Amino acid sequence: MTSPPTPPTGGDAALRVAPADSTVLRTGTWSWLFPHRAALVSLGLLAVVAVIVALATLASSTGMSVGTSLRGLLGTGDRLTVMLVQEFRLPRIVVGLLVGAALGIAGCLTQTLAGNRLATPDIIGVNEGATAAVVASVVGSSTAMVGDWWLGPLGAAGAAALVVLCAGGAGTRGYRVLVVGIGVSTIIGAISDLVMSRQNDNTAGGVFLWSVGSLSGRDYGVGEPLALCLLVLVPLALVAGRRLDVLRFDDDVAAALGLNVPLLRGLTLALAVALAGIAVGIGGPIAFVALAAPVIATKLYGPTRVPVIGSALVGAALVAASDALGRVVAPVEIPVGVITSVLGGPFLLWVLFGGSPSRKA
């Protein structure tokens, strides 16, 4: 008769409970779960972002050759070339990266919170609220300049509050959030269109360009507040992502494990709304990035964790690549929001027809 196996203890027990894609690292009494798959994927995405930035820097809508663009980047070209590359093109790329990262994280948080891949800021009305607030700022204006970027978060917060109120609270799951969000988004969008239709041609034209999502004219002046906001909000989103892992099971299980579920839901929604509102206030409602980035990141990182960093990297890559493509694909520059909409349509159909089904209805 054989004796039963001795249960693992200490380090052996830690190794047994660690996820398959992670390694337990120990230093004295401290231990750290190192996600080697996530680390490798993150490094790969960073390399992809670096390549996209390099190509976007050299891409020109004015027929400037690669060699001329490179000399402008290095500061060895003529004064006009250096100014075009260093003072116009580079800041635009940096702002695009920041906007894409903010949209990617916002989409990751809302998708995980609602348990549905379609529950993203641009579908549930948050982006439309931010857009409406900025559009409303041009009422009576004689110029084509949109309002300040901080109007975006205010409008997003108002739209989110309306969706939560109509859906029956922040704890509402799946389809109710989607249905209410789509309805609110449609109403707010109609109001925005009505406001633009009442403006003069100059103002309406300038606002329309921004309202489809555009990085034209964006510089470090608008990039700095976005970067500062991300420095504060991204660490909070990482903390929320760790807690949201538990919510994937059930609210009762999460509460039994010591989580304050209502507080976590409220704070996570506030983070997502702030990130989406800031991104829209600066770059306009760039469509489908908040939907696609978390889905792609989850495929790359695996289903064992909420891919906050991965969603940020994928979102940054999508916006930067789409903006560069819009500058070179046609004789006239195409706004980045149009490019992401064209690419996002087939992606949405793929999600709807089973490519990445939602976890909860």
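Any read-out appearing in this document is the output of simple, stated calculations on the displayed coordinates, not a laboratory observation. What you are looking at is a predicted structure, and each value in this text was computed from that prediction instead of being measured. Glycine also receives a Cβ, built like all others from the backbone with ideal geometry; neighbour counts cover every protein chain displayed.
Numbers for the structure displayed
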item: Cα-based shape type of the stretch 96-355, given that a ≥ b ≥ c are square roots of the gyration tensor eigenvalues and the cut on a/c is 1.5; result: prolate
item: Simple spin-label estimate for L70 and L352 in nanometres, 7 Å along Cα-Cβ; result: 4.5
item: Neighbourhood charge, 15 Å Cβ-Cβ cut-off, centred on A276 and excluding it, Lys, Arg +1 and Asp, Glu -1; result: -2
item: Shape call, the stretch 64-168: gyration tensor on alpha carbons, a/c limit 1.5; result: oblate
item: Difference of contour (0.36 nm per residue) and Cα-Cα distance, A136 to L55; result: 25.5 nm
item: Rounded, prolate or oblate (a/c below 1.5 giving rounded, otherwise prolate when a/b exceeds b/c) for the stretch 260-309 by Cα gyration tensor; result: oblate
item: Furthest towards positive pole of dipole, S214, G158, S311, structure part the stretch 96-355, Cβ charges; result: S311
item: Relative contact order [Cα under 8 Å, 6+ residues apart], the stretch 220-360, whole percent; result: 22
item: Net charge, G241 excluded, C-beta distance under 14 Å - Lys, Arg +1, Asp, Glu -1; result: +4
item: Gain upon complete extension [T27, D252; 0.36 nm per residue less C-alpha separation]; result: 77.6 nm
item: Ranked T120, T68, criterion: other C-beta atoms within 10 Å, fewest first; result: T68, T120
item: Gain upon complete extension [V179, V82; 0.36 nm per residue less C-alpha separation]; result: 29.9 nm
item: F34-A47 pseudo-label distance in nm [points 7 Å out on the Cα-to-Cβ vector]; result: 1.9
item: V342 paired with D219, simple spin-label distance in nm, labels 7 Å along Cα-to-beta-carbon; result: 2.9
item: Neighbour-count ranking [beta-carbon atoms within 10 angstrom, fewest first] of D323, D78; result: D78, D323
